[in-house]
Ligand SMILES: Cc1cc2nc3c(=O)[nH]c(=O)nc-3n(C[C@H](O)[C@H](O)[C@H](O)COP(=O)(O)OP(=O)(O)OC[C@H]3O[C@@H](n4cnc5c(N)ncnc54)[C@H](O)[C@@H]3O)c2cc1C
């Protein structure tokens, strides 16, 4: 291991590996290192299917050494601080490492202090999360005996904003098959104003919740969770309203309203990792402060950031990263060639594969303005309208996308 690299990448997740792989595809002479402490790299999008008992968790991970591109140095360590004026990153056990160009991609982390009680309750008993232990989610869904099944999410940004709904739709399907649906009320409580930001998709999803007889509660801001007494406490936003009311047990405590549950699924409150929040690289909301179109840091021009850590006003997904990576790579190659970082072409593309039943899916693809922007390549799969539920889209989610991820995206191939 050396103490200086031409390109230093923090994080060997989706963003870090894809970036390194695309650099290597374009120029094998670049000197690249990735700082990454984890031994396993996970394909997290499949955790939705694991939580529904239709995908093997062990198949969602591969040893990190197998996904780090050949020729790229793996520094098995944690980045702990930045000295951007010195082009230096401090690490936990390897001291200072300097760089010409830095790519910051350590993803996000969970801060359970933002919802007191949740940290103690999660992954135990009837409280589950596909984000932290999808095998436990499947245990909870499989063993559910009826009552109130509450699906919810925090007020912070989260990975894949649609994931808390996807598991609800699959859970409902399972409850129908197992016969517990008759004695079950399903509630989806979200702080949002709509079920999904893209009009075309929201329309279909409201049909899905009607078909599945789900009670949707808008303007519900999750404040705390009482795991022992099985109550989730909410503060109402001004836009609080209900769709398809169910008379589930609730109670009041001052300005908070509690919903009693017999099972709870939620995404955890999510923030940028602490070493990012404490660094000079963040905006006022403590996410990595990069240009929304070029991913170049707004202050330090030889630093780029992408993926979940970046302050980009679009959904945090691997699909978004697929479109961010080529822009970052091209801009850094321009800078190496003494040109400017002129590629400002990222328009906020992100996508959310919303599974609505075992065997059905809607594919939301959109930009910063929430315009529906379906990939023309879907026509090759005989899908003429991806805003409609389709079995071919389910096949894409279960088989096609994992294959493309491991074999194309992570190896720097264009998909
Ligand atoms: C349940 C669930 C469902 C999802 N569904 C979808 C979906 O259907 N479609 C989709 O596109 N996306 C989906 N996503 C989101 C997608 O997985 C993430 O957006 C994506 O993995 C983010 O990539 P990243 O590289 O930014 O972060 P990650 O992939 O999380 O990787 C971050 C890496 O940085 C490392 N790291 C952390 N701290 C440090 C440090 N101090 N120093 C060095 N390295 C560090 C970590 O160990 C990790 O390997 C889903 C996610 C979840 C959890």
Next item on the list: Give 65, 51, 13 a once-over and let me know the one that is at pLDDT 95 or above and closer than 30 Å to residue 174 by Cα.
Entry: 51
Checklist line | Odd one out for residue 230, checked against (1) free of Cβ contacts under 8 Å to residues at least 24 places away in the same chain; (2) surrounded by 15 or more Cβ atoms within 10 Å (Cβ to Cβ); (3) at positive phi | finding: (1)
Next item on the list: Among the helices (runs of 4 or more DSSP H) lying completely within region 290-409, list those that include at least 2 residues that are in contact (Cβ under 8 Å) with a residue 60 or more places away in the chain, within 20 Å of the chain's Cα centre (by Cα) and assigned by TED's automatic domain parsing to the domain that holds residue 280.
Entry: 318-336, 401-407
Item checked: Output for region 345-388, where each listed residue is away from the ligand (no atom under 16 Å from the Cβ), out of contact with any helix residue (DSSP H, G or I) (no Cβ under 7 Å at 6 or more places or on another chain) and modelled with pLDDT of 95 or more -> 347, 368, 369, 370, 371
Notebook entry, point to check: What helices (runs of 4 or more DSSP H), lying completely within region 1-102, carry at least 1 residues that are away from the ligand (no atom under 11 Å from the Cβ)?
Noted result: 14-26, 64-67
Note to self: I need the full set of residues from region 262-280 which are over 19 Å from the mean Cα position of the chain (by Cα) and within 24 Å of residue 160 (Cα to Cα), in order please.
What the structure shows: 263, 264, 275
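The values are calculated or read from the model by the stated rules, or taken from the named source; none is laboratory data. Only a predicted model underlies this, so the values are computations on that prediction, with no experimental measurement involved. FYI the Cβ positions are ideal-geometry reconstructions off the backbone, even for glycines, and counts take in every protein chain you see.
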